[in-house]
Amino acid sequence: MSAPASPRQKDVPRTMRELRESQLGRRSARPKPQENVLRQGLRLERIPDPSTVVLFGATGDLAHRKVFPALYQLWRTHLLPHEFVVVAIGRRPYDDETFRAEIRDSLGQYSRSLPLDEEAWASFSEHICYQRLDFADPGGFDSLSERLDALDGERGTRGNRLFYLATQPSQFAEIVAQLGRAGLDHERHDGGWRRVVIEKPFGHDLDSARRLNREVGKVFRESQVYRIDHYLGKETVRNLLVFRFGNGIFEPLWNRRYVDHVQITVAESIGIETRGAFYEETGASRDVLQNHLLQLVSLIAMEPPATFEADALRDEKVKVLRAIGTRRPDPATEVVRGQYGPGWVAATEVSGYRQEAGVDPGSETETFVAARLTIDDWRWSGVPFYIRTGKRLPKRATEIAIQFREVPHHLFRDEAVDPEPNLLAIHIQPDEGIMLRFGAKVPGLGMAIRPVTMDFTYGSAFSVDSPDAYETLILDALQGDASLFTRADEVEEAWSIIDPIVQAWAHEPGPPFPNYAAGTWGPVAADELLTREGRRWRRI
Ligand code: BG6
């Protein structure tokens, strides 16, 4: 295979900084390959090294819906090097042409910029090739190794390889072992790096996560391992760090002295779609609570790291998980599970979970979970964190609400409306933005008070589209920035919070399922988690 013609001219901007500066009529020199230009303290702004992405599970749903659209978008916006190849690995009998045709169809459906840019697709498609491989066949991995070496020569990818595992989780350990056996993990003296990206779910419980970490650790060093939690790639989630640590006025209030409690909601209106078999094994606690929700808790509760280096950031997140682990939520009184029955969502009648395809008609799997967590450390002692997630709730909304304490002295107690305590609501999705609520005097002769809000919305403040989480994370992995990926100890700490909950459920009779109708905010017991403490869930 010979290198296809470059899609770029010499003077086309290739980094986000160059793009911005060229729009302003200025041009800067392209950053030198090893020069890490920090933007907002978080992202490395440079084109990744020449490299090959070896995508296992390339014929699967995740690859088609997320990974290829992200790669295409990065290519289209000139954020990938010209010396770049995707080797798509699958068991089905495609060749390069038939596989590319299928990816083109998927992009037509899942790309975030449609219609497709034909010129960009034409050049991108020449950088995709297909390799048929049975994961159990050592010979197949030897052939893969030879092909990758050959591609390095033809395409100038310099031995830099990102192995991306988007397969069934049960295949992760086998693939990693085969990569090790074939010597594909060995980094070269002359600079060829090797990294492995592992998709979620990472393990099914603490034991299996530990086992998988051990197996991965036999082949790759921890610094080569990138465990994905796509929530960490969301623009608004990354903005949490900027919001907290890039501003001076919030951090002094961010503690038990001023915060009454925190609520985090990850609500989905969709059901389980076509993933019945997967969901039966997983349930809401393993699917979202163990990862996305606990990641949001860590980012909200962590101490400021000394730097934004991957380990400094992750050390602080792990401390939060450990502090939760010192007084785990009591499954009987502080955790509520639910399962949706038939109902109405957005004016459409939908069936109950037990009627979904691939689901046991007597299933005890939870599609909703709410919990009251405490973080036993100096900053948060005594501040409850209420968290919840569920399928078939009234709407799709992910929100973090910081509820501040009431004023210490009610000067306006006798007025018609009591001032409500201040609230900061961070909207992760949709309608991304941040809202601060405070009391204001109603104009007029009296002293009536009404809550008003100050709103920041991404849509109106910035005129650019946010990248998809997968674009951000793939680019980070290619650039060797692991800060937004979960570390081995972090995954295990998160499982050690979830394990006792799911184990207790397995041994106790649960509430009668279904216990909430599709299109409602979950079981009544989830409301009681707050009402018994004189609080209530925010109406989102
Ligand atoms: C995935 C879960 O990790 O996250 C899904 O497996 C869930 O069940 C999805 O729907 C939610 O992600 P997002 O980005 O749509 O909020």
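The values are calculated or read from the model by the stated rules, or taken from the named source; none is laboratory data. Not measured: the values here are computed from a predicted model. Using ideal geometry, Cβ is built from the backbone for each residue, glycine included, and neighbour counts are taken over all protein chains shown. All accessible areas refer to the heavy atoms of the entire protein, side chains included, with ligands and DNA or RNA removed. Shrake-Rupley method; radii C 1.70, N 1.55, O 1.52, S 1.80 Å.
Starting from the range 287-304, keep only residues that are farther than 18 Å from His427 by Cβ, then list their pairs with residues that are acidic (Asp, Glu) and more than 11 Å from the ligand (Cβ to nearest atom) whose Cβ atoms are within a distance under 7 Å, requiring at least 6 positions of separation or different chains.
Met302/Glu316; Glu303/Glu316
Yes/no matrix, rows are residues, columns are (1) away from the ligand (no atom under 15 Å from the Cβ); (2) at pLDDT 95 or above; (3) open to solvent by less than 30 Å² (accessible area, probe 1.4 Å):
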site	(1), (2), (3)
Tyr340	no, yes, yes
Ser351	yes, yes, no
Ala370	yes, yes, yes
Thr374	yes, yes, yes
Ile387	no, yes, yes
Lys391	no, yes, yes
Arg396	no, yes, no
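So for the range 399-417 (the condition being of a type outside the set (Gly, Ala, Ser), closer than 24 Å to Val335 by Cα and within 16 Å of the ligand (Cβ to nearest atom)), does at least one residue qualify?
Yes, that holds for at least one residue.
Between a residue in the range 389-413 that is under 18 Å from Ile300 (Cα atoms) and basic (Lys, Arg) and any residue that is modelled with pLDDT under 95 and open to solvent by less than 40 Å² (accessible area, probe 1.4 Å), which pairs come within a Cβ distance under 9 Å, given they are 6 or more apart or on different chains?
From residues that are under 18 Å from Ile300 (Cα atoms) and basic (Lys, Arg), the pairs are Arg405/Pro421.
Being open to solvent by less than 20 Å² (accessible area, probe 1.4 Å) and more than 16 Å from the ligand (Cβ to nearest atom) is the filter here; which residues of the range 194-208 pass it?
Arg194, Val196
Taking the stated definitions as given, is Val216 among the aliphatic types (A, V, I, L, M), open to solvent by less than 20 Å² (accessible area, probe 1.4 Å), away from the ligand (no atom under 16 Å from the Cβ) and without any contact (Cβ under 8 Å) to a residue 40 or more places away in the chain?
no
List the pairs whose first member sits in the range 233-249 and is within 16 Å of Gly433 (Cα to Cα), whose second member is of a type in the set (Asp, Glu) and crowded, with 17+ Cβ neighbours inside 10 Å, and whose Cβ atoms are under 6 Å apart, counting only residues at least 6 apart or on separate chains?
That search, which allows pairs on different chains as well, returns Thr236/Glu432.
For the subset of the range 91-131 comprising residues that are assigned to a loop (DSSP other than H, G, I, E, B) and small (Gly, Ala, Ser), which member is least open to solvent (accessible area, probe 1.4 Å)? Lay out the reasoning, then the answer.
Let us first name the residues in the range 91-131 that are assigned to a loop (DSSP other than H, G, I, E, B), namely 91-95, 111-117, 126-127.
Next cut, small (Gly, Ala, Ser) only: 111, 113.
Working: Ser111: 9, Ser113: 26 Å².
Among those residues, the one meeting the criterion is Ser111.
Only one of these is in a helix (DSSP H, G or I) and crowded, with 17+ Cβ neighbours inside 10 Å: Gln178, Gln171. Name it.
After applying the criteria, what remains is Gln178.
Residues are listed down the side, and each one gets a yes or a no for (1) open to solvent by less than 50 Å² (accessible area, probe 1.4 Å); (2) in contact with a helix residue (DSSP H, G or I) (Cβ under 6 Å, 6 or more places away or on another chain); (3) outside any strand (DSSP E or B):
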site	(1), (2), (3)
Leu424	yes, no, no
Ile434	yes, no, no
Phe438	no, no, no
Met447	no, no, yes
Val452	yes, no, no
Phe456	no, no, no
Tyr470	yes, yes, yes
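Looking at (1) within 13 Å of the ligand (Cβ to nearest atom); (2) crowded, with 17+ Cβ neighbours inside 10 Å; (3) aliphatic (A, V, I, L, M); (4) modelled with pLDDT of 95 or more, which one does Met302 not meet, given that it meets all the others?
(1)
Go through the residues of the range 188-210 one by one and say whether even a single one is in a loop (DSSP other than H, G, I, E, B), closer than 20 Å to Gly480 by Cα and acidic (Asp, Glu).
The first filter runs over the range 188-210 and keeps only residues in a loop (DSSP other than H, G, I, E, B), leaving 188-193, 199-205.
When the remaining residues are screened for being closer than 20 Å to Gly480 by Cα, the result is 188-193, 199-200.
From the residues that got through so far, the ones that are acidic (Asp, Glu) too are 190, 199.
So far as the range 188-210 goes, yes, one or more of its residues are in a loop (DSSP other than H, G, I, E, B), closer than 20 Å to Gly480 by Cα and acidic (Asp, Glu).
Return yes when Leu436 is more than 26 Å from Gly352 (Cβ to Cβ) and modelled with pLDDT under 90 and no when it is not.
In short, no.
Run down Leu296, Leu289, Leu232, Leu241 and say which single residue is out of contact with any strand residue (DSSP E or B) (no Cβ under 6 Å at 6 or more places or on another chain), within 16 Å of the ligand (Cβ to nearest atom), among the aliphatic types (A, V, I, L, M) and not in a strand (DSSP E or B).
It is Leu232.
Taking the range 462-483, which residues are under 15 Å from His230 (Cβ atoms) and of a type in the set (Phe, Trp, Tyr)?
Once the filter is applied, which keeps residues that are under 15 Å from His230 (Cβ atoms) and of a type in the set (Phe, Trp, Tyr), the range 462-483 yields only Tyr470.
Here is a check on your reading of the model: is Ile270 outside any helix (DSSP H, G or I), open to solvent by 30 Å² or more (accessible area, probe 1.4 Å), of a type in the set (Val, Ile, Thr) and in contact (Cβ under 8 Å) with a residue 60 or more places away in the chain?
Judged against the criteria, Ile270 is a match.
State yes or no: is Ile428 open to solvent by less than 10 Å² (accessible area, probe 1.4 Å) and either over 30 Å from Arg161 (Cβ atoms) or more than 16 Å from the ligand (Cβ to nearest atom) (or both)?
yes
Within the range 77-107, track down each residue that is among the basic types (Lys, Arg) and touching a residue at least 24 places away in the same chain (Cβ under 8 Å).
So the first thing to find is which residues in the range 77-107 are among the basic types (Lys, Arg), and the list is 91-92, 100, 104.
Matches in the range 77-107: Arg91, Arg92, Arg100.
Which condition number does Ala150 fail, the rest of (1) open to solvent by 20 Å² or more (accessible area, probe 1.4 Å); (2) aliphatic (A, V, I, L, M); (3) within 16 Å of the ligand (Cβ to nearest atom) being met?
So the condition that Ala150 fails would be (3).
Could you list all residues from the range 219-229 that are touching a residue at least 60 places away in the same chain (Cβ under 8 Å), among the charged types (D, E, K, R) and either out of contact with any strand residue (DSSP E or B) (no Cβ under 7 Å at 6 or more places or on another chain) or surrounded by fewer than 22 Cβ atoms within 10 Å (Cβ to Cβ) (or both)?
The one that is touching a residue at least 60 places away in the same chain (Cβ under 8 Å), among the charged types (D, E, K, R) and either out of contact with any strand residue (DSSP E or B) (no Cβ under 7 Å at 6 or more places or on another chain) or surrounded by fewer than 22 Cβ atoms within 10 Å (Cβ to Cβ) (or both): Glu222.
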